[in-house]
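Here is the structure we will look at, set down as C-alpha cells.
The values are calculated or read from the model by the stated rules, or taken from the named source; none is laboratory data. Since the model is a prediction, treat every value here as computed from it, not as a measurement. We place every Cβ from the backbone using ideal geometry, glycine too, and count neighbours over all the protein chains shown.
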Amino acid sequence: MIGRMPVAGRAAAARPRPSRGWLRRWVGLAFVAPWLLAFVAFDAIPIFSGFYHSFTDWSITGSPTRFVGLANYREAFTRDPLFWKAVTNTLYYIGFSVPIGIVTAFSVALLLNRRIRGTTLYRTIYYLPSVVPTVAATIVWTFIFETRRGILNWVLEFLHLPIVRWLSDPAWAKPALIIMSLWGMGSSMVIYLAGLQGVPQELYEAAEIDGASGWQRLVGVTVPLMTPTIFFNLMMGLINAFQVFNSAFIMTGGGPFNATLFYMLHLYNHAFRYFRMGYAAALAVVLFVVVLTLTAIVNRTSDRWVYYS
Amino acid sequence: MSSTVAEPGRVSRRRLLKLASMGVMCSLVACAAPSVTPVPTKGPTQPSQAQEAPSATPVSATPAPKEAITIRFWNVWGAAREELMNQIIARFEEQNPGIKVQNLVQPFERREENLLTALASSDPPEVLMATRAELLKFADDGLIVPVTEYVKAYNLDLGRFYDSEIGNMWWKGELYSMPMPTGGGITCLTLINQDMFNAAGKTPVIPKTWSELWEVAKEFTELDPKGIVKIGATVGTGASDFLAWLYCNNGSVYSEDLRQVTFASEEGIQTLDWMVRFTNEINGGVQNVTDFFAGPGEATEAQPWYNDKQLINFPNVSIFFHMKTYKPDMKWDMGPRPFNGANPNAKSQGLAGEAFAWSYVIPKVLKPEVRDAAFKWVRKITYDEDGGCWFMQQQGRPSPLKACNEAQLYYDANVHWDKVLEALKTDVSVQIMPEHARVRDILNQGVQSAMFGEKTPAQALQDAAREAQAVVDEYWSKRS
Amino acid sequence: MAVRSHRARLFSDGATHLVLVAGSVIMLVPLAWTVSTSLKTLQQIAIWPPQWIPRPVMWSNYVEVFRRVPVALYLRNTMVIVSTNVLGSVVTCALVAYGFARTQFPGRDALFMLLLSTLMMPYVVRLIPLFVIYNQIGWINTFLPLVVPALLGRNPFYIFLLRQFFKGIPEELSDAARIDGCSELGIWWRIVMPLSKPALAAVTIFAFQAGWDDFLRPLVYMAGRTDLRPLSVGLYLLRGGAGQIPDTHYMMALTTLMIIPVLALFAAGQRYFIQGVTLTGLKG
C-alpha cells in the first residue's frame, strides 16, 4: 500500500518542514471546523437555553417567564413523586438492556464472523429488525406480547411454562421492552462486525499454534483488540438508554401503573403536555449532568481497558 | 505490501466521488426547491381602517384583495375525512373568492410537539386544531385570539349549539372557538348487546343504577386462569372513567370558582371505592381488564364488543360509525349511564368532554385581515350547515349543532338516535382551568394507585387532591 | 490430528448453524407478521388464530397504498434527506473524526467531550429553541434544517464511531506518509479512508437508515409543506388516531416497501464487512 503512495519514490528526498510547525499544530482544528461551525450555529444556543430555562418557569405558550432560581431542581428532588419513579425505571432499563445488549450483539457478531456457509444471509436476517420503522415494530410487538393471544405466551404454554402478562403487569413491562430492544440490536452487531475485520487473522493463527483454546483466543486476542468498538457501543448504549423513549411512548404510554415511565417520558409530559418547559429543562439538565458524569468516568477508565493498536 | 489490497481502495474512492457528486446534486436540487415554490404568503398588508378589533364589516362584501389570502389549516382529520374536508374547502373557496384554504393534515403521532412548534413559529398556520385543555392554556397565555367580536359582527346565533358544547369553548368571558365534533353525546350513555342477553335466554335490561350494573355484569362475566373470557362490563380503570362515574354520583372536579379541587369529596371516594371493588370482584383485577381490551387499537374488529364478548359498553362517540362497519347486524339498545342509586342526589349525567373536545384556534400574530379570513374558515367548519354539520353527517356522528342532528339520515342509520339527542341536551360542560392536563394526570395517578392496590381509594384520592390543589394554588397565585 | 480438528470444526460449525437458525426464527417472526398483515384485509387481521398466509391474499393493498400515500413524491423527499445524510456522514463526519482521532491540537479532547455532550441534552428541551433559530433564518418549511446540519457533519454518533476506527489504524502508516511529504488531507484520503471501509460501510447504512426513518424533524420543520413530506411521515399518517380506524394493513404494506431498499443496501454493503482490510505485516 505504501508503495502506491505517489511520493514514495522520493522518500529519500523527504525534508523536514519546520516552518510548517504552526500548521501542524492547528491543522486538526481545520478538520473539526465543519462540525464546530454546526455546533456554534445549531447546538450552542439550544443547549445554553436549556440551562438558562431550567432556572425559570418558562411555559413556551407565551405567559411571562420568571426567574425562579433553584425551585425547579428542588421540586424534582423533593416534591415530584414521579421523578424518582422515572429515575428507578430508567436505571433498571439501563442496568439490563445495556450489558445484555452488548453481550448479545457481540456474540452474534462473533458467530456471524465465522467462515461458514450462509453468513451473508444470516447477517441480513439479523440486521433486518433494525430496518423496521419503530412505529411498525411496536405494533407488531404489541401483538406478540398479548396475554391471551400473543405468540410469546403461546410459546411459553407450549414449553409448559407459566404465561406472563407482558404489558399489563408492572413487573413485566420493562423486561418486555428490553426484549424488544434486543430484537433491534442489528446496528451494534454491524459495528462489532466492522470492528472484527480489524483483528488480524495471523494473531489467531499465532495463538492457535501456541495451543490456545477457542475461549482463550477470544479472551486473549479478540476482546482486547475489540475494546475500541466495545467502548463505543458501551458509551452509545449508555447515552441512548438514558434517553429511552420511543418504544414506551408508542407501546405502553408509560404504563402499566408507571412501570415504563422512563425519564424521558416524564420530561416529555412536563414539556409538551403540561407546558412546563422550565421544569422540563431542569429535568434535562439533571439528565445531562448524570450522563456526562457517567460517560466521563467510563471515558477515564478507558485508558486502562481500551487498546488502540 | 501487495497492490491487490490497494485496488479496491481506488475503486471505492472513485465510487465515493460519484456518490458524493450525486448527493450534492440531490441536495442542491432540494435546497433550490423551496425557493422555486415559496411558502404561500399572505396578501399584502392593506392599510386597514380598523387595525385593532376585528373589523365588523363583513369582508365578503369588500372586493377581494389582489392576492389571495391563504388559510393554512393545521388539523388531524386524516384518512377518509381528509377527502370530506377537501370538499368543504372547495365549497368555501367558491363562496369566498380571495381566500384559499390549504388542508395541512398532520399525523396524530407527536401531535403536541407539532402543534406547539407550529404555534411558536413567527409565521404560524392561520387555523389550528387543538383540544379544549390546550385551547384554555393558549387562551390564558394570550397566544390565540378570542372570536367573541366576530360572532357579534357576523350575528351568529350561538344558541344553535348545545349549551354544553359551546360552553366548552369559553375562558374568562371570551369565546375562543366553536366546537366540531361534539365533546359529549355519549358519556351519559350505556350500550347493551341484546344478542348476548338473548343467547343466554334472558330478557335484555339496561341497568339504571350502580347496583343493577353490578348484578348483571357479575352474571355475564366469565373468567379463566388467563383472565377474562367474556365480560359483563368494566367500569374502566383510569381518570376519564372515574370522572364519568363521579358525575353520576353528584360529584365534581373543581369548585365553581375553579380554585378548589373537589374530586376527593365523599362522593369521589364512594365512586373510586365502587370502581375498585367492581374491577377486583367482577373483572378479577385491573390487569385482566387491560389484557382483555389489549391489542391493535381500540377501533378494530377484534374488540370484544364486536364479538359478543362484551355485554355492556360505555364507548366513545365514534362507536356508532364503527358498529356499522364491524357488526352491522348486531341488536343493541341504549340507555342512560347508571348512577349511584344509594345517593339520593345522584342522577345520570354526561360530560361534554372535559379535556378532549376539539376546537379550532387562531394565533394572535396574524394580521387583522388574515384573522378575519381565518374566522370565516373556523365558522365554515363549525357553524355552517354545508361545513361542520355536513362533515359530521357524512360520518354518522352527532354534531354540536342542534338542528343538524335532526337530519333523517341519522335516524335511518341509528335506531336509537333519539337517545343520543337526549344525552346531548343533558350533558354538562365541566368547567376546567388551564392547568387541567396536569390535574387530570395527577388524578389518574390516584385512580391507578387504588386500582393496583397501592393505596386505599380514600387515601389515593386525598393524596391526589392535595397534589392537584398545589398545582391549582400555584396557578392562581401567579395570576393575582 | 488433522481428522480430529476437521471433526471438531464440523461440530462447531453445526452448533453455530443451530444457534444462528434459532436466532433467525426469532428475528423473522415479527417480520413475517408484518408481511402477512400487509396482505390482509382489516377483517383478516382480527381473526384468531392468525392466518400466516391470508386467504385471500390481498395484493391490492400494495396498490391501495400508492393511492393513499403519494409514494413517488414522498420517496423523492426521503431521498433528499437520505442522500445528504449519507454524504455528510461519509465525507464530513469522516473529516471531523480524523481531526479527533489522528491529529493533535490544543483543546482537542475538550472539544470531543463537547461533541459527545450534544448527544446528552434531550431533544425535548432543544426542539423549541432550535425551531426558533430555524424560524428566524427562514428555514422553516424547507429542507434546510435537515440538509445543512447533516452536510456540516452535525452527527456525533458517526463522528465518534469513525474516530474509534481511525484510532485503530497504526500510526506508522501516517508517519511514513508524512515523511514522504503527504499532507494530512492526503493521509486522510489515501490511507485512513481506504483502510476504514468496514466502518464507512456501516456508517453509510446507518446514515441511510436514519434519514429513511427520520420522522419527528421533517414533521416539525416542514409541517406547513405537505409536498415536502418524506415516506416516514406518510407511514404515520396511515396509523390513524382521533377515533380513526387505523389502516394497519396499508401501514404494514408501506413498511414492507420501506424495508426493502434499506435491506438491499445492507446486503450490497455487507461484503465490505467481510472483505475488510488486512494489515498483514505492518507491525512486523
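Overview of results
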{"item": "Verdict on B:Glu281 being modelled with pLDDT under 85 and surrounded by fewer than 20 Cβ atoms within 10 Å (Cβ to Cβ)", "result": "no"}
{"item": "Search result, residues across region A:277-291 that are crowded, with 17+ Cβ neighbours inside 10 Å and either under 16 Å from the mean Cα position of the chain (by Cα) or free of Cβ contacts under 8 Å to residues at least 12 places away in the same chain (or both)", "result": "A:Leu287, A:Phe288, A:Val291"}
{"item": "Enumeration of residues in region A:97-115 that are farther than 9 Å from A:Met189 by Cα and among the polar types (S, T, N, Q)", "result": "A:Ser97, A:Asn113"}
{"item": "Residue satisfying all of: in region C:239-279; assigned to a helix (DSSP H, G or I) and polar (S, T, N, Q); modelled with the lowest pLDDT among these", "result": "C:Gln275"}
{"item": "C:Val65 of a type in the set (A, V, I, L, M, F, W, C) and farther than 30 Å from A:Thr104 by Cα", "result": "yes"}
{"item": "Cβ-Cβ under 9 Å pairs, at least 6 apart or on other chains, region B:455-480 side over 15 Å from B:Val253 (Cα atoms), far side of a type in the set (S, T, N, Q) and not in a helix (DSSP H, G or I)", "result": "B:Lys478/A:Ser63"}
{"item": "Residue in region A:253-263 that is within 30 Å of B:Glu474 (Cβ to Cβ), at pLDDT 90 or above, in contact with a helix residue (DSSP H, G or I) (Cβ under 6 Å, 6 or more places away or on another chain) and polar (S, T, N, Q) present", "result": "yes"}
{"item": "Residue list for region C:99-115, restricted to those being more than 7 Å from every other protein chain (Cβ to nearest Cβ) and outside any helix (DSSP H, G or I)", "result": "C:Pro106, C:Gly107"}
{"item": "Residues (at the interface with chain A (Cβ under 8 Å from one of its Cβ atoms), crowded, with 20+ Cβ neighbours inside 10 Å and assigned to a helix (DSSP H, G or I)) located in region C:177-187", "result": "C:Ala177, C:Glu184"}
{"item": "Restricting region B:199-230 to residues that are in contact with a strand residue (DSSP E or B) (Cβ under 9 Å, 6 or more places away or on another chain) and part of a loop (DSSP other than H, G, I, E, B), the residue that is nearest to B:Val276 (Cα to Cα)", "result": "B:Thr221"}
{"item": "Sole residue being among the aliphatic types (A, V, I, L, M) and facing chain C (nearest Cβ under 10 Å), chosen from A:Leu238, A:Leu261, A:Leu218, A:Leu234", "result": "A:Leu238"}
{"item": "Any hit, region C:163-178, residues being under 24 Å from C:Met79 (Cα atoms), under 23 Å from the mean Cα position of the chain (by Cα) and assigned by TED's automatic domain parsing to the domain that holds C:Gly99", "result": "no"}
{"item": "Of all residues making up region A:145-175, the number that are β-branched (Val, Ile, Thr) and either at pLDDT below 90 or within 24 Å of the chain's Cα centre (by Cα) (or both)", "result": "2"}
{"item": "Checklist (1) surrounded by 20 or more Cβ atoms within 10 Å (Cβ to Cβ); (2) at negative phi applied to A:Ala44, failing item", "result": "(1)"}
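Residue-wise test of (1) in a loop (DSSP other than H, G, I, E, B); (2) at pLDDT below 85; (3) within 12 Å of chain B (Cβ to nearest Cβ); (4) farther than 12 Å from C:His249 by Cα.
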site: C:Thr34; (1), (2), (3), (4): no, no, no, no
site: C:Thr37; (1), (2), (3), (4): no, no, yes, no
site: C:Gln44; (1), (2), (3), (4): no, yes, yes, no
site: C:Pro56; (1), (2), (3), (4): yes, no, no, yes
site: C:Phe66; (1), (2), (3), (4): no, no, no, yes
site: C:Ala72; (1), (2), (3), (4): no, no, no, yes
site: C:Leu75; (1), (2), (3), (4): no, no, no, yes
site: C:Ser83; (1), (2), (3), (4): no, no, yes, yes
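Conditions (1) of a type in the set (Asp, Glu); (2) buried (at least 18 other Cβ atoms within 10 Å of the Cβ); (3) assigned to a helix (DSSP H, G or I), marked per residue:
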{"site": "A:Ser49", "(1), (2), (3)": "no, yes, yes"}
{"site": "A:Ile60", "(1), (2), (3)": "no, yes, no"}
{"site": "A:Gly69", "(1), (2), (3)": "no, no, no"}
{"site": "A:Thr88", "(1), (2), (3)": "no, no, yes"}
{"site": "A:Tyr93", "(1), (2), (3)": "no, yes, yes"}
